[in-house]
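Presented below is the structure to which this report refers.
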Amino acid sequence: MPSPHQHKTRHRSILLPLAVAVGLGAGMSSPGALAWQPAGEDLAYEVDGESFEGYLSKTEGEARGTVLIIHDWDGIDDYERKRADMIADMGYDAFAVDLYGEGNRPQETGAKKAETERLYKDRDRMQALTRAGAEFAREQDVAGPAVIMGYCFGGAVVLEAARNGIVDDVRGYASFHGGLATPEGQQWKDPEAPVLIAHGGADSMISMDDVASLSRELESVGATYEIEVYSGAPHAFTVFDTEAYQERADRKSWQAFADLLDEAF
């Protein structure tokens with residue numbers, strides 16, 4: 001009988017067009033040749049009496065570092081699990097942090113908006129849960145230094161972490177098609193660790209004006225950053241098996257992320 005912390009059977013098989021580029025899947029000869037199966041495990045943890053459930057995927061042998069993944073607006077699902085496994089295959093430990101709570105994985109658009117708005121309006125909670133997830137990950141004997149990355153809503157949380165230095169020993173930050181606006185009452189200071197922004201040129205939700213504003217803010221504090229814009233890529237261009245997915249932008253942004261990891265560790 002599997003332990004309660006092992007991956008649940010709710011996952012669906014998803015093909016990996018990016019698999020060859022990142023070396024995922026022994027013997028895979030062409031994109032999408034094999035269906036993904038989880039290699040890590042779901043782990044329950046508590047924050048101030050509330051139950052949460054993240055996903056841990058550890059690399060074989062000694063890890064070069066740890067990557068903390070912040071989920072998009074529907075919470076941790078097989079997308080984040082898959083990315084964590086891909087990162088583990090690259091030689092890093094990976095942990096997907098849960099900001100919604102165990103079992104809270106909204107499916108309807110209205111419910112997804114409600115969960116993100118709850119955290120956008122309570123930045124203290126957003127920061128506390130991000131910090132707690134990082135601390136729990138380190139209790140699992142992962143490598144100490146970390147890079148924080150996130151998708152869509154998770155990308156906005158990554159920048160929240162970068163602006164406010166809420167996690168110790170961070171070597172880099174990466175936002176994929178994430179929210180870029182600085183909230184009222186906050187301002188940037190040099191995050192010291194480099195920041196990577198991967199943005200779709202055809203993103204109808206996050207404008208190029210937002211990209212330019214962020215660039216000016218980061219320049220003003222002397223931050224080390226890179227902003228990559230991929231032509232024709234819509235919002236959520238990295239999400240496999242959706243209409244928004246653009247393999248070219250996914251590959252290029254993943255390579256930029258791999259370069260960030262190489263520099264960080």
Please determine, by comparing only the residues of the stretch 198-214 that are open to solvent by less than 30 Å² (accessible area, probe 1.4 Å) and aliphatic (A, V, I, L, M), which one is nearest to TYR151 (Cα to Cα).
ALA198
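Residue by residue, here is whether (1) surrounded by 17 or more Cβ atoms within 10 Å (Cβ to Cβ); (2) closer than 23 Å to ASP241 by Cα; (3) at pLDDT 95 or above holds:
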residue	(1), (2), (3)
ASP42	yes, yes, yes
GLU46	no, no, yes
ASP72	yes, yes, yes
LEU99	yes, no, yes
GLY103	no, no, yes
GLY110	no, yes, yes
Hey, could you check the stretch 139-151 for residues that are outside any helix (DSSP H, G or I) and out of contact with any helix residue (DSSP H, G or I) (no Cβ under 9 Å at 6 or more places or on another chain) and say which is surrounded by the fewest Cβ atoms within 10 Å (Cβ to Cβ)?
ASP141
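Hey, could you check the stretch 175-191 for residues that are open to solvent by 50 Å² or more (accessible area, probe 1.4 Å) and touching a residue at least 12 places away in the same chain (Cβ under 8 Å) and say which is nearest to the chain's Cα centre (by Cα)?
ALA181
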Any idea how many residues of the stretch 134-148 are within 13 Å of the chain's Cα centre (by Cα) and closer than 22 Å to GLU46 by Cα?
3
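To keep it simple, each residue is scored yes or no on (1) among the β-branched types (Val, Ile, Thr); (2) under 20 Å from THR242 (Cα atoms); (3) part of a strand (DSSP E or B); (4) open to solvent by 10 Å² or more (accessible area, probe 1.4 Å).
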| site | (1), (2), (3), (4) |
| --- | --- |
| VAL67 | yes, no, yes, no |
| ILE76 | yes, yes, no, no |
| ARG83 | no, yes, no, no |
| ALA96 | no, no, yes, no |
| GLU115 | no, no, no, yes |
| ARG118 | no, no, no, yes |
| GLN127 | no, no, no, yes |
| ARG131 | no, no, no, yes |
| ALA137 | no, no, no, no |
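Which members of the stretch 215-240 meet the condition of being at positive phi and surrounded by 14 or more Cβ atoms within 10 Å (Cβ to Cβ)?
Within the stretch 215-240, ALA236 is the sole residue that qualifies.
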With ALA249, ALA162, ALA193 as the choices, which residue is modelled with pLDDT of 95 or more, aliphatic (A, V, I, L, M) and assigned to a loop (DSSP other than H, G, I, E, B)?
ALA193
VAL195 passes all but one of (1) among the β-branched types (Val, Ile, Thr); (2) open to solvent by less than 70 Å² (accessible area, probe 1.4 Å); (3) more than 18 Å from the chain's Cα centre (by Cα); which number fails?
(3)
Kindly indicate which of ASP262, ASP241 is farther than 15 Å from HIS177 by Cβ, not aliphatic (A, V, I, L, M) and not in a helix (DSSP H, G or I).
ASP241
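The values are calculated or read from the model by the stated rules, or taken from the named source; none is laboratory data. None of these values were measured; they are calculated from a predicted model. Cβ sites come from the backbone with ideal geometry, for glycine too, and all protein chains shown count toward neighbours. These accessible areas exclude ligands, DNA and RNA; they are computed on the full protein's heavy atoms, side chains included. Shrake-Rupley method; radii C 1.70, N 1.55, O 1.52, S 1.80 Å.
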